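Colleague: Starting off with a structure, shown below.
The values are calculated or read from the model by the stated rules, or taken from the named source; none is laboratory data. Please read all numbers here as calculations on a predicted model, not as lab measurements. Here the Cβ positions follow ideal geometry from the backbone for every residue, glycine too, while neighbour counts run over all protein chains shown. Ligands, DNA and RNA are excluded from the accessible area calculation, which covers all protein heavy atoms including side chains. Shrake-Rupley method; radii C 1.70, N 1.55, O 1.52, S 1.80 Å.
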Amino acid sequence: MKTDYSIKSGLVSWQSPSNIALIKYWGKKGFQIPANASLSITLSESVTRTKIEYRPGTGKMLFYFEDKKNQAFAGKIAKYMEIIADELPYVKYLDFEIQSRNTFPHSAGIASSASAMSALALCLCSIENDISKNNLEENKNFYQRASHFARIGSGSASRSVYGKLSSWGKSEFIPDSSDLFASPVQFTVHPFFENFQDTILIVSKGEKKVSSSAGHGLMKENPFARSRYSQASANLAKLIHALKTGNSEDFIAIVENEALTLHGMMMASNPGYILMKPNTVAIIKKIQDFREQSGVNLCFTLDAGPNVHVLYPETERAGAGAFIEQELKPLCEAGQIIYDKMGNGPQRIN
Ligand code: 2P0
């Protein structure tokens, strides 16, 4: 489609959530193409709000994070704009003032690239819609295009443009799946997973020693990479079955296996590295022991960092909540916990 722009001024604003992967994306082939398909829960409370004011110009950009000018982020976004300029040529003919803020505590050690890059991509697609004379159709095409641009900014961000559960990456188990954009899960998910809870335990707020991009890169030489990618595919098939049938035992086994394998891959990289902290391991042990003793259906997953996501259905809230407050909170940095849950996806806010 040849896009015909009428360059004018305007303002767009989106809020977009973070997500937590159940089947992990860890390793790329080529530029922002995942080595295996991943599947995640979109969160509700941990969101980025981004507002872009634009006017005719030459691609200049001002970037404010939480009301402060941020040169480092501005530089990263300028590079990103250069990459996408072939597909979104209007970025060369506008000047931008971008304001972004997160609802989750600043530097809580929560990965924010998924919410930040998806919010930015949604804003850019809305600007495209607002200034183009041949408007993109709303709904599916719009979100697919936003997911595509989010992926270019950060792979995991591609999944954040949809609510509930979404997957990214070509898989024989997911019809119409693509490496280029994510899609919402199409099958009917068992009511057990409705309104699923994710309580995020902040074990350490510190900056990571190894970035996710570097971590993905180390998978290239990881001797276990090939087995890992087949394991991810097998786990995806099993997880889809568990999500359809409501088999919580299988769900727990797969989700914990994915989390531990992710960190196992980091340890088996060269150089190997450990992002878990002693309290990460202590919390994992407590969760597994408590589940065995109480029969409460809760499990853990991890992102590329030391913090622990505790997952459980809404029906287990009382039991899981009391356990978390009494046993796990004391192991968190400054007792910091974020009570999040499955959410409905991004929202345009102006
Ligand atoms: C995921 N993670 O599936 C995995 C699991 C962290 C652990 O995707 O280089 O920030 O920007 O594409 O998406 C974190 O890596 O990496 C990530 P880039 P991203 O959520």
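Colleague: What's the FRET efficiency of residue 350 with residue 170 using the Cβ-Cβ distance as r and R₀ = 35 Å, to the nearest 0.05?
Modeller: Working: r = 35 Å, r/R0 = 1.01.
Calculated transfer efficiency: 0.50.
Colleague: For the pairs 28/170; 286/329; 8/76; 76/208; 79/170; 24/238, note any where the Cα-Cα span goes beyond 20 Å.
Modeller: Going by Cα-Cα distance, 8/76; 79/170 fall outside the 20 Å limit.
Colleague: Report ³J(HN,Hα) in whole Hz for each residue of the range 335-350, in order, from the Karplus equation J = 6.51 cos²θ - 1.76 cosθ + 1.60 where θ = phi - 60°; Gly and Pro get x.
Modeller: Listing the rounded values in order: x, 7, 9, 10, 7, 10, 7, 4, x, 8, x, x, 9, 7, 10, 10 Hz.
Colleague: Moving on to the next point. Residue separation times 0.36 nm, minus the C-alpha to C-alpha distance between residue 281 and residue 260: what's the value?
Modeller: 6.5 nm
Colleague: Right, another one. Could you give the length gained by full extension between residue 11 and residue 292, i.e. 0.36 nm per residue of separation minus their alpha carbon distance, to one decimal place? Before the final figure, lay out each step's value.
Modeller: Working: separation 281, 0.36 × 281 = 101.16 nm, distance 5.26 nm.
Working it through step by step, the gained length comes to 95.9 nm.
Colleague: Next up: When the Cα centres of the range 173-243 and the range 328-350 are compared, how far apart do they sit, in Å?
Modeller: Cα centroid of the range 173-243 versus Cα centroid of the range 328-350: 19 Å apart.
Colleague: I need to check one value: relative contact order of the chain, counting alpha carbon pairs closer than 8 Å and at least 6 residues apart, in percent.
Modeller: 24 percent
Colleague: At 7 Å along Cα-to-Cβ for each site, give me the label-to-label distance between residue 180 and residue 231 in nm.
Modeller: Calculated label separation equals 3.2 nm.
Colleague: When ranked by the protection proxy of mean other Cβ atoms within 10 Å per residue, highest first, what sequence do the peptides 23-32, 82-91 form? Don't skip to the answer; put the middle values down first.
Modeller: Numbers: 23-32: 18.7, 82-91: 14.4.
Descending packing order for the listed peptides: 23-32, 82-91.
Colleague: Sticking with this one: How much net charge surrounds residue 173 when only the other residues with a Cβ under 14 Å from the Cβ of residue 173 are counted, with Lys and Arg +1 and Asp and Glu -1?
Modeller: Within the 14 Å Cβ shell, the charges total +1.
Colleague: Could you give log10 I(q)/I(0) at q = 0.14, 0.22 Å⁻¹ for the range 195-341, computed by the Debye formula over C-alpha point scatterers of equal weight, without solvent?
Modeller: -0.72, -1.40
Colleague: Hey, another quick one. When the accessible area of the chain is computed with all protein chains present and a 1.4 Å probe, what percentage of it is carbon and sulfur?
Modeller: After summing per-atom areas, the C and S share lands at 51 percent.
Colleague: I would also like to ask the following. Mind putting together the pair-distance distribution for the chain? All Cα pairs, 10 Å bins, whole percent per bin, short to long.
Modeller: Result returned by the calculation: 5, 25, 34, 24, 10, 2, 0.
Colleague: What does the helix-only formula give at 222 nm for the chain: each DSSP H stretch with n ≥ 4 adding -39500 (n - 2.57), the total divided by the residues, and the result rounded to the nearest 500 deg cm²/dmol?
Modeller: That comes out to -11000 deg cm²/dmol.
Colleague: Equivalent-ellipsoid semi-axes (√(5λ), Cα gyration tensor) for the range 10-188, whole Å, largest first?
Modeller: For the range 10-188, the ellipsoid semi-axes come out as 26, 19, 15 Å.
Colleague: Now, a different point. In square angstrom, what is the accessible area per residue of the chain with a 1.4 angstrom probe?
Modeller: With the other protein chains kept in place, the chain gives 44 Å² per residue.
Colleague: Next question, about the same structure. In nm, what is the difference between 0.36 nm times the number of residues separating residue 190 and residue 84 and their Cα-Cα distance?
Modeller: Contour length minus the Cα-Cα distance gives 34.3 nm.
Colleague: Something else: Order these peptides, 343-349, 217-223, by their mean beta-carbon neighbour count within 10 angstrom, highest first.
Modeller: 343-349, 217-223
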